[in-house]
Structure formats: C-alpha cells, structure tokens
1. Evaluate the distance, in nm, between pseudo-label points positioned 7 Å from the Cα of Thr435 and of Leu27 along their respective Cα→Cβ axes.
2. Given segment 168-264, what whole percent of its Cα pairs are spread farther than 21 Å?
3. Quickly rank 350-356, 49-55 as a protection proxy: mean count of other C-beta atoms within 10 Å, highest first.
4. Below 8 Å, C-alpha to C-alpha, sequence gap of six or more: please give me the relative contact order for the chain in percent.
5. Could you pull the Rg and Dmax for segment 1-98, using just the Cα atoms, both in Å?
6. Counting Lys and Arg as +1 and Asp and Glu as -1, what is the net charge of the other residues whose Cβ lies under 9 Å from the Cβ of Asn20?
7. If the cut-off is 24 Å between C-alpha atoms, which lysines fall inside it for Lys74, apart from same-chain ones fewer than 8 positions away?
8. Suppose we keep just the DSSP beta bridges with both residues in the chain; what percent of those would be antiparallel, to 5?
Amino acid sequence: MAKIAFIGAGSFEFTRKLVNDILTFPLLEDATLSLMDIDPQRLDFITRAANRIVTEGNYRAKITATTDRAEALKDADAVVCTILEGGIDVWRHDIEIPKKYGVDICVGDTRGPAGIFRALRTIPVMLDICADMERLCPDAILLNYTNPMAMLCRAMQRETSIRVTGLCHSVQDTARGMEFLLGIENEELRYLCAGINHQAWYLKLEHEGKDVYPLIREAMSRPEIYNFEIVRNEMFLNLGYYVTESSGHNSEYNWWFRKRPELIERYCEPGTGWNPGAYAYILNEYLARETGWMDEITAWLDDPEPLNLERGHEYASYIINAYLGGEPFRFNGNVPNTGLITNLPEVACVEVPVFVDRDGFHPVHVGALPPQCAALNNINIASEEMAVEGYFTGDPTLIFYANAYDPLTAAVCSLEEIKEMTNEMFEKNREYLPTFTSHRVE
C-alpha cells in the first residue's frame, strides 16, 4: 500500500483535485494519503473534502491529517509540496515595495525582486523538508508545486540527495489552448518544449506529422486571437517560438512590455487571457478572497450533487503512478541542466521533457535552443543563480546583483534605486532570512 504525503495540503482547490486524480489509478486507490498543514482550519476542510472523494468513489484509500510534518513524511513513497512561506501580509511587500521604484509587477511569484525575496523566505523551509525526507523517506520522490519554481528546485537539487522535480501547469495548459485555437482534439498536438520555468519554448509543434506554426501565425491576423494573449503573441510573432505561461506573467520576465505605463496599457491590461497583466492582479485576487474563501469551501462540501470524479490533466498523479510501478509517463519537469540544453548554464534549473518510471526521473537531451530564446533564458538564469548563491553565502550584495540583472527592474531603475529597493525589501523580510549576517547592501 502506497503512502503519499501532501505538505501544505490546505491549498484546498489544488489538493482536492490531486487527491481525486491519484485515486483514479487502480494502483493507488488503496493508498494512504497523509495531509499536513500548519493551519488546523484549512487542514480540517481538506480532510473533509478528501474523505468525501473516498466515499463517493468507493475507494479503499485511507486519509490521515496532521500538523506534524515528520508524521506525514514517515515512510512516504511520494511527497507533494504546495506551501506558502509567509502569508499575504508578507508577500504583498514583494509587490508594493518595487512599485515605489517603478517596477510594476503583475504576479510576482517566479522571478524579479518579488520572486527573489519569496525564494529567500522559502528555500530554508524547502531544505528542511528535504532533510526530513532524507531521514524519514529517503527513497520517496518530491514533487514541488511551490513557486518560485526554478530557484527553489535549484537550491534543493544542489543540496539534497532526494529525487526532486518541479511541476508547473503552464506547459500542458498552453498546449491545450493551442489545440482549442486550431480545432485539434485534446492531446493530438505533439510538441517539444524546453527552456526554464514559465519561459520554456515550443521548439516543435506538430499535428499528424505537420508543423502547425504556420497555422498559428495565420491565426494571429484575427483580432480576437491576437488580443486574447497579446504579450505572448507579440513574443511569438517577433521571436518565432511560442512561450509558456500567461501574458500577465510573461510581461514581468523581459524588458519589453511593462517599463512604461503606456506599454502596460497597450500590451498588458487588455485581453490577456485568464491572467490580466494589471498591477498586483494576483495579490488583489487573494485579498478579495480573504473574507469569502470559507463560504466557497463550505458550499463545495455541502453540495448534494454527486462529485465529478473524472481524472484531470495535472502531472502529479501520473508521475506517482509511474514511479510506483504503473505505466511510464512523460512530462515537462524542472531538473538540473546536465548537458540537456547545451546553450544554457550547466546545473542551472531547466524545464525539459522527463520520463518517469519505477527507477525515477529520466530527463531528455534537447540540444541548443534558438539563440534569441536562449538569450532571454540566460539573463533570467543569471539573476536566479546569483539569488540562490546569495542565500547560501549570506551575501546581501549578491541579492542586489540578482535584482540589478532582472530585465524588468534594469529597464526602469538606476543601480542606486535598485540598491535602495533591495535594502527596503531586506528590512521587511529580516525575520525570514536566517542565512544573512547583514540585511543591508552597502
């Protein structure tokens, strides 16, 4: 009987869907699912939801709940991580402080100054989880969904013996969006996608053996198509390859779309799919839910209608099934660059196709990215590498350098302004940064 631990299980919607997906596999329907969260109220909600799924699915699974991480991890075969270190009251400063210096951030969970300080708060917790796993479940795989994906995975893959990969929705979600655009049936599109998290490139896009990029380029002439994902469509039309992650997110990772108000108004705010590129969009969404989230969950728990127990498309359940002896599975995962992408830095965290079976993860060699794609990846990797090294050395100057080489920050700030912004962010995060002996850049 398999044991699967969920760390940060109180992420209700996400954990609920993963529990549902996992139990649809015959190999896993009698698994023990150990739900762990530091918030007892959220833990109670997700435990009730998981038990409802077990009951309606007539599964033989066992649901356990605990606030003790060690208890959840003991003898686990797989671990899913969806934590948030520091709540909204902390995270909001990652967005609001840079705005004072002209750095207009839409989401702020992946890279740039907001992503960097989110990483600095979260890395020590992730490393503690890995240390616990080395003691309690050394053969388990760790599937990380927590952002900032690349920096967290880089830190863990550098320091731990645990087999860890990072999972993101953006690759499969973007592919399904293009299938919808082209009128292709689900999962008939064949693709090769590689780069870095939230900035991976569809190097091949084929349907029935034919390149569909000409059809996508032709579709861009229709305003309703172009306007739905303006930032990504502009990047495709000018760089030649479609990029993962939504337009609001992507506008933060480069120099081109958010450095002036008129550019934000033109490219980022209108018609950018599910994630409009307005300032603090996701933060404001979270703040709006602060008062109503319990009502939404209670409504789901009390809904008399039978649940839809159909399996979804999230990678985690397929990966766990494959690792525990089921059908091997291919996914895009975040792994160390061991020569996989030849024009990106060695051992940096890259996002490439990965096969998983009972022997673990097997990343696929991709080769060189197109130079225009590699250039943008490389500048973001440079910033992320300095941030991770800054964490391990406790050197605040490296965090300043990481911010200084972030494309958006560099487009709107002087070096003096970036230094002032970095020091202000250090001060707000002081209690979360144990590796830094100094919290100021001189």
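Read-outs throughout are calculated quantities, based only on the coordinates presented, and are distinct from any laboratory measurement. As the structure is a prediction and not an experimental result, all values here were calculated from the model. Cβ coordinates were reconstructed from backbone atoms using ideal geometry, including for glycine residues, and neighbour counts include every protein chain displayed.
1. Placing both labels 7 Å along Cα→Cβ, they lie 3.5 nm apart.
2. Values: 1360 of 4656 pairs.
Across segment 168-264, Cα pairs with separations above 21 Å total 29 percent.
3. Working: 350-356: 23.6, 49-55: 18.9.
Most protected by this proxy first, the peptides run 350-356, 49-55.
4. Details: 850 pairs, mean separation 75.2, N = 442.
It comes to 17 percent, rounded to a whole number.
5. 14.6, 51
6. Working: positive: Arg16, Lys17, Arg311; negative: Asp21, Glu310.
Once positives and negatives cancel, what remains is +1.
7. Qualifying lysines at Cα under 24 Å: Lys3, Lys17, Lys62.
8. 50 percent
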